[in-house]
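Trainee: Have a look at this one.
The values are calculated or read from the model by the stated rules, or taken from the named source; none is laboratory data. This one's a predicted model, so the numbers in the text were calculated from it and none came from an experiment. Positions of Cβ are generated from backbone atoms using ideal geometry, with glycine treated the same way; all protein chains shown enter the neighbour counts. Protein only, heavy atoms only, side chains kept; ligands, DNA and RNA dropped before computing areas. Shrake-Rupley method; radii C 1.70, N 1.55, O 1.52, S 1.80 Å.
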Amino acid sequence: MAGRLLVCHTQQMSVITCEAVLFDLDGVLVDSTPCVTRIWSAWAVEHRLDPAYVVHVAHGQRTVETVRKVAPHLNAPHEAAIIEEREIEDTEGLRVLPGAPELLAVLPADRYTIVTSGTRRLATKRLQVVGLPVPANMVTADDVTRGKPDPEPYLKGAAAVGFAASDCLVFEDAPSGIRAAKAAGTRVIGVTTTYQAEELTDADRVISSLLNLRLRTDAGDGLLELALS
(Lines give C-alpha, C1' and ligand atoms only; values in the text may rest on other atoms or scores of the structure.)
Protein backbone atom coordinates (compact mmCIF):
# COMPACT_ATOMS: atom_id res chain seq x y z
CA MET A 1 0.00 0.00 0.00
CA ALA A 2 2.92 2.35 0.60
CA GLY A 3 3.25 4.93 -2.13
CA ARG A 4 -0.12 4.16 -3.72
CA LEU A 5 -1.92 7.02 -5.43
CA LEU A 6 -5.71 7.01 -5.17
CA VAL A 7 -7.94 9.44 -7.05
CA CYS A 8 -11.54 10.02 -6.03
CA HIS A 9 -13.22 11.48 -9.10
CA THR A 10 -16.55 12.13 -7.43
CA GLN A 11 -14.96 14.47 -4.89
CA GLN A 12 -12.27 15.80 -7.24
CA MET A 13 -9.66 14.87 -4.67
CA SER A 14 -6.42 12.88 -4.76
CA VAL A 15 -5.39 10.93 -1.68
CA ILE A 16 -1.70 10.11 -1.56
CA THR A 17 -0.08 7.88 1.02
CA CYS A 18 3.64 7.96 1.64
CA GLU A 19 6.25 7.19 4.24
CA ALA A 20 7.93 10.60 4.23
CA VAL A 21 7.80 14.02 2.62
CA LEU A 22 10.68 15.90 0.98
CA PHE A 23 10.28 19.65 0.50
CA ASP A 24 12.13 22.00 -1.77
CA LEU A 25 12.66 25.23 0.16
CA ASP A 26 12.38 28.35 -1.99
CA GLY A 27 9.01 28.58 -3.69
CA VAL A 28 7.53 25.77 -1.58
CA LEU A 29 8.01 26.74 2.06
CA VAL A 30 9.57 30.18 1.71
CA ASP A 31 8.85 32.94 -0.78
CA SER A 32 12.26 34.32 -1.67
CA THR A 33 11.26 35.68 -5.08
CA PRO A 34 11.80 39.36 -4.19
CA CYS A 35 15.34 38.62 -2.98
CA VAL A 36 16.18 36.33 -5.88
CA THR A 37 14.87 38.79 -8.45
CA ARG A 38 16.64 41.76 -6.90
CA ILE A 39 20.02 40.08 -6.41
CA TRP A 40 20.20 38.12 -9.65
CA SER A 41 18.97 41.10 -11.71
CA ALA A 42 21.67 43.35 -10.27
CA TRP A 43 24.32 40.69 -10.88
CA ALA A 44 23.11 40.21 -14.47
CA VAL A 45 23.31 43.94 -15.18
CA GLU A 46 26.85 44.05 -13.77
CA HIS A 47 27.86 41.38 -16.30
CA ARG A 48 25.80 42.74 -19.21
CA LEU A 49 23.41 39.79 -19.21
CA ASP A 50 19.65 39.76 -19.70
CA PRO A 51 18.18 40.08 -16.17
CA ALA A 52 14.82 38.54 -17.08
CA TYR A 53 16.46 35.45 -18.56
CA VAL A 54 18.91 35.04 -15.68
CA VAL A 55 16.15 35.30 -13.06
CA HIS A 56 13.97 32.82 -14.94
CA VAL A 57 16.63 30.11 -15.02
CA ALA A 58 18.04 30.80 -11.54
CA HIS A 59 15.20 29.04 -9.74
CA GLY A 60 15.56 25.40 -8.79
CA GLN A 61 19.25 24.78 -9.29
CA ARG A 62 22.51 25.50 -7.51
CA THR A 63 23.90 29.00 -7.93
CA VAL A 64 27.14 27.74 -9.43
CA GLU A 65 25.20 25.83 -12.09
CA THR A 66 23.12 28.87 -12.97
CA VAL A 67 26.28 30.92 -13.44
CA ARG A 68 27.79 28.23 -15.65
CA LYS A 69 24.65 28.20 -17.76
CA VAL A 70 24.14 31.94 -18.24
CA ALA A 71 27.78 33.08 -18.18
CA PRO A 72 30.16 30.22 -19.08
CA HIS A 73 32.97 32.73 -19.57
CA LEU A 74 33.00 33.66 -15.87
CA ASN A 75 34.62 31.94 -12.89
CA ALA A 76 31.48 30.19 -11.65
CA PRO A 77 32.59 29.29 -8.09
CA HIS A 78 33.85 32.84 -7.53
CA GLU A 79 30.65 34.44 -8.80
CA ALA A 80 28.49 31.96 -6.88
CA ALA A 81 30.24 32.92 -3.65
CA ILE A 82 29.55 36.61 -4.30
CA ILE A 83 25.88 35.96 -5.04
CA GLU A 84 25.49 33.76 -1.97
CA GLU A 85 26.82 36.46 0.34
CA ARG A 86 24.38 38.95 -1.14
CA GLU A 87 21.51 36.50 -0.65
CA ILE A 88 22.46 35.88 2.98
CA GLU A 89 22.70 39.59 3.73
CA ASP A 90 19.55 40.65 1.85
CA THR A 91 16.42 39.19 3.46
CA GLU A 92 14.01 42.00 2.62
CA GLY A 93 10.73 40.57 1.34
CA LEU A 94 11.30 37.03 2.59
CA ARG A 95 8.08 35.48 3.86
CA VAL A 96 6.73 32.09 4.76
CA LEU A 97 4.34 30.65 2.19
CA PRO A 98 0.71 30.02 3.21
CA GLY A 99 0.13 26.58 4.69
CA ALA A 100 3.80 25.82 5.36
CA PRO A 101 3.84 26.46 9.14
CA GLU A 102 0.66 24.49 9.69
CA LEU A 103 1.89 21.53 7.63
CA LEU A 104 5.30 21.33 9.28
CA ALA A 105 3.69 21.64 12.70
CA VAL A 106 1.76 18.39 12.24
CA LEU A 107 4.35 16.40 10.28
CA PRO A 108 6.44 14.16 12.55
CA ALA A 109 9.96 15.58 12.60
CA ASP A 110 11.48 12.26 11.53
CA ARG A 111 9.18 11.94 8.51
CA TYR A 112 10.22 14.96 6.49
CA THR A 113 13.21 17.01 5.48
CA ILE A 114 14.18 19.81 3.11
CA VAL A 115 16.14 19.27 -0.11
CA THR A 116 17.34 22.63 -1.41
CA SER A 117 19.65 23.92 -4.13
CA GLY A 118 20.84 26.62 -1.74
CA THR A 119 23.79 26.24 0.58
CA ARG A 120 23.32 25.28 4.23
CA ARG A 121 24.15 28.81 5.38
CA LEU A 122 21.60 30.36 3.05
CA ALA A 123 18.87 27.81 3.74
CA THR A 124 19.34 28.11 7.49
CA LYS A 125 19.20 31.90 7.35
CA ARG A 126 15.99 31.92 5.32
CA LEU A 127 14.27 29.39 7.56
CA GLN A 128 15.25 31.35 10.65
CA VAL A 129 14.06 34.65 9.18
CA VAL A 130 10.57 33.29 8.44
CA GLY A 131 10.36 31.28 11.66
CA LEU A 132 10.35 27.73 10.30
CA PRO A 133 12.30 24.86 11.90
CA VAL A 134 15.68 23.87 10.49
CA PRO A 135 15.79 20.08 9.96
CA ALA A 136 18.99 18.53 11.26
CA ASN A 137 19.09 16.19 8.24
CA MET A 138 18.45 18.88 5.62
CA VAL A 139 20.13 18.23 2.24
CA THR A 140 21.71 21.31 0.67
CA ALA A 141 23.99 22.28 -2.20
CA ASP A 142 26.92 21.57 0.13
CA ASP A 143 25.94 17.90 0.40
CA VAL A 144 25.86 16.93 -3.28
CA THR A 145 28.29 16.81 -6.15
CA ARG A 146 25.55 17.10 -8.78
CA GLY A 147 22.62 19.43 -8.23
CA LYS A 148 19.07 19.33 -9.56
CA PRO A 149 17.95 18.19 -12.15
CA ASP A 150 20.28 15.30 -11.26
CA PRO A 151 18.54 12.82 -8.92
CA GLU A 152 21.36 12.92 -6.34
CA PRO A 153 19.74 15.56 -4.05
CA TYR A 154 16.48 13.65 -3.71
CA LEU A 155 18.17 10.28 -3.37
CA LYS A 156 20.13 11.76 -0.47
CA GLY A 157 16.95 13.33 0.90
CA ALA A 158 15.22 9.95 0.96
CA ALA A 159 18.23 8.39 2.65
CA ALA A 160 18.22 11.19 5.22
CA VAL A 161 14.69 10.25 6.36
CA GLY A 162 15.45 6.54 6.14
CA PHE A 163 13.07 5.48 3.37
CA ALA A 164 13.28 4.43 -0.26
CA ALA A 165 12.78 7.29 -2.70
CA SER A 166 9.74 5.48 -4.14
CA ASP A 167 8.05 5.76 -0.72
CA CYS A 168 8.61 9.51 -0.50
CA LEU A 169 6.51 12.40 -1.78
CA VAL A 170 8.23 15.57 -3.02
CA PHE A 171 6.89 19.12 -3.16
CA GLU A 172 8.61 21.22 -5.83
CA ASP A 173 8.05 24.54 -7.60
CA ALA A 174 10.65 24.33 -10.39
CA PRO A 175 10.95 22.13 -13.49
CA SER A 176 14.55 21.20 -12.68
CA GLY A 177 13.54 20.05 -9.20
CA ILE A 178 10.63 18.04 -10.55
CA ARG A 179 12.93 16.30 -13.03
CA ALA A 180 15.39 15.54 -10.22
CA ALA A 181 12.66 14.05 -8.04
CA LYS A 182 11.17 11.94 -10.83
CA ALA A 183 14.62 10.67 -11.81
CA ALA A 184 15.15 9.64 -8.18
CA GLY A 185 11.94 7.60 -8.31
CA THR A 186 9.70 9.74 -6.11
CA ARG A 187 6.23 11.07 -6.77
CA VAL A 188 6.02 14.85 -7.08
CA ILE A 189 3.48 17.55 -6.32
CA GLY A 190 4.20 20.73 -8.26
CA VAL A 191 3.36 24.06 -6.65
CA THR A 192 2.64 27.03 -8.95
CA THR A 193 4.36 29.67 -6.84
CA THR A 194 7.24 30.32 -9.24
CA TYR A 195 6.35 28.77 -12.61
CA GLN A 196 3.04 28.34 -14.42
CA ALA A 197 1.26 24.97 -14.33
CA GLU A 198 2.11 24.30 -17.98
CA GLU A 199 5.81 24.37 -17.04
CA LEU A 200 5.30 21.75 -14.30
CA THR A 201 3.69 19.05 -16.42
CA ASP A 202 6.18 16.38 -15.30
CA ALA A 203 4.70 16.50 -11.79
CA ASP A 204 2.11 13.89 -10.75
CA ARG A 205 -0.21 16.64 -9.50
CA VAL A 206 -0.08 20.42 -9.52
CA ILE A 207 -1.53 22.64 -6.80
CA SER A 208 -1.48 26.39 -6.27
CA SER A 209 -0.68 26.34 -2.55
CA LEU A 210 0.03 24.09 0.42
CA LEU A 211 -3.35 25.29 1.66
CA ASN A 212 -4.82 22.91 -0.94
CA LEU A 213 -3.95 19.82 1.08
CA ARG A 214 -4.83 18.13 4.34
CA LEU A 215 -2.56 15.74 6.22
CA ARG A 216 -3.41 12.70 8.31
CA THR A 217 -0.63 11.05 10.30
CA ASP A 218 -2.76 8.09 11.44
CA ALA A 219 -3.62 6.59 8.07
CA GLY A 220 -2.64 3.08 9.18
CA ASP A 221 0.53 1.01 8.70
CA GLY A 222 2.49 4.06 9.84
CA LEU A 223 1.73 5.90 6.60
CA LEU A 224 1.15 9.59 6.05
CA GLU A 225 -1.99 10.45 4.09
CA LEU A 226 -2.33 13.69 2.15
CA ALA A 227 -5.60 14.73 0.56
CA LEU A 228 -5.19 17.25 -2.26
CA SER A 229 -8.09 19.30 -3.57
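Trainee: Please state the charge dipole magnitude for the chain, taken about the Cα centre, from unit charges on C-beta atoms (+1 on K and R, -1 on D and E), reported in debye and rounded to the nearest 20.
Mentor: 140
Trainee: Calculate the FRET efficiency for Val106 and Gln128 from the Cβ-Cβ distance with a Förster distance of 35 Å, rounded to the nearest 0.05.
Mentor: On the way: r = 21 Å, r/R0 = 0.60.
Efficiency, from the Cβ-Cβ distance: 0.95.
Trainee: Output the relative contact order of the range 41-106, whole-number percent, from Cα pairs under 8 angstrom with separation of 6+ residues.
Mentor: Values: 29 pairs, mean separation 12.8, N = 66.
Computed value for the range 41-106: 19 percent relative contact order.
Trainee: Once you keep just the Cα pairs under 8 angstrom separated by 6 or more residues, what percentage relative contact order results for the range 85-229? Let's see the in-between values first.
Mentor: Values: 227 pairs, mean separation 25.4, N = 145.
Relative CO of the range 85-229 lands at 18 percent.
Trainee: Here is a follow-up. Which one, Val30, Val170, Val45, has the greatest fluctuation when you compute a Gaussian network model over the chain with C-alpha springs under 10 angstrom?
Mentor: Per the Cα network of the chain with a 10 Å cutoff, Val45 tops the list.
Trainee: Given the options Pro98, Pro149, Pro108, state which has the largest fluctuation in a GNM of the chain using a 10 Å cut-off (strictly under) for Cα springs.
Mentor: Pro108
Trainee: Here is a further query. How far apart, in nm, are two points set 7 Å out from the Cα along the Cα-to-Cβ line at Asn137 and at Ala159?
Mentor: For the pair Asn137/Ala159, the computed spacing is 1.2 nm.
Trainee: While we're looking at this one, here's another question. Give me the accessible area per residue for the range 70-229, probe 1.4 Å, as a whole number in Å². Working shown, then result.
Mentor: Numbers: 6880 Å² over 160 residues.
Accessible surface, normalised per residue, equals 43 Å².
Trainee: I would also like to ask the following. Taking the Cα centroid of the range 124-159 and of the range 32-79, what is the distance between the two, rounded to the nearest whole Å?
Mentor: After rounding, the separation between the Cα centres reads 20 Å.
Trainee: Turning to a different aspect of this structure: For the chain, with a Gaussian network of springs between Cα atoms less than 10 Å apart, report the residue from Thr217, Thr192, Thr119 with the top mean-square fluctuation.
Mentor: The residue with the greatest mean-square fluctuation here is Thr217.
Trainee: Rounded to the nearest 0.05, what FRET efficiency is calculated for Ala227 and Arg68 with R0 set to 41 Å and r the Cβ-Cβ distance?
Mentor: On the way: r = 41 Å, r/R0 = 0.99.
E between Ala227 and Arg68, to the nearest 0.05, is 0.50.
Trainee: I need the calculated FRET efficiency for the pair Glu198 and Asp50, taking r as the beta carbon distance and R₀ as 30 Å, to the nearest 0.05. Write out the running numbers ahead of the final one.
Mentor: Working: r = 22 Å, r/R0 = 0.74.
Approximately 0.85, to the nearest 0.05.
Trainee: If you roll a 1.4 angstrom probe over the protein chains with everything in place, what fraction of the accessible area of the chain belongs to carbon and sulfur, to the nearest %?
Mentor: Values: 5270 of 10000 Å².
Using a 1.4 Å probe with all protein chains present, the chain comes out at 53 percent carbon and sulfur.
Trainee: Between Arg120 and Val57, what length comes free when the chain is fully extended (0.36 nm per residue of separation minus the Cα-Cα distance, one decimal in nm)? Display every interim value, and only then the final one.
Mentor: Values: separation 63, 0.36 × 63 = 22.68 nm, distance 2.09 nm.
Gain in length upon complete extension: 20.6 nm.
Trainee: Report, to two decimal places, the Cα Rg of the chain normalised by 2.2 N^0.38 Å (N = number of residues). Provide the component values of the computation, followed by the final result.
Mentor: On the way: Rg = 17.2 Å, N = 229, 2.2 N^0.38 = 17.3 Å.
Computed over Cα atoms of the chain, the ratio equals 0.99.
Trainee: Please report Rg over Rh for the range 22-117, where both radii come from the alpha carbon positions and Rh follows the Kirkwood definition. Present the calculation step by step, with values, prior to reporting the outcome.
Mentor: Values: Rg = 15.0 Å, Rh = 14.5 Å.
Ratio of gyration radius to Kirkwood radius for the range 22-117: 1.03.
Trainee: Can you give the accessible area of Glu46, probe radius 1.4 Å, in Å² rounded to 10?
Mentor: About 100 Å², rounded to the nearest 10.
Trainee: Another question, then. For the range 98-148, just list the percent of Cα-Cα distances falling in each 5 Å bin from zero outward, please.
Mentor: Using 5 Å bins, I get a P(r) of 4, 20, 28, 25, 16, 6, 1 for the range 98-148.
Trainee: Using DSSP loop states and a limit of at most 12 other Cβ atoms within 10 Å to flag trypsin sites (Lys or Arg not before Pro), what is the longest stretch of the chain containing no flagged site?
Mentor: So the longest stretch without any such site is 49-145.
Trainee: Moving on. Once the piece of chain linking Asp218 and Arg38 is laid out straight, how much longer is it, given 0.36 nm per residue of separation minus the C-alpha distance between them?
Mentor: Values: separation 180, 0.36 × 180 = 64.80 nm, distance 4.30 nm.
Contour length minus the Cα-Cα distance gives 60.5 nm.
Trainee: A further question follows. Mind giving me the nanometre distance, one decimal, between the label points for Ser166 and Glu89, set 7 Å out from Cα along Cα→Cβ?
Mentor: With each label point 7 Å from Cα toward Cβ, the separation is 4.9 nm.
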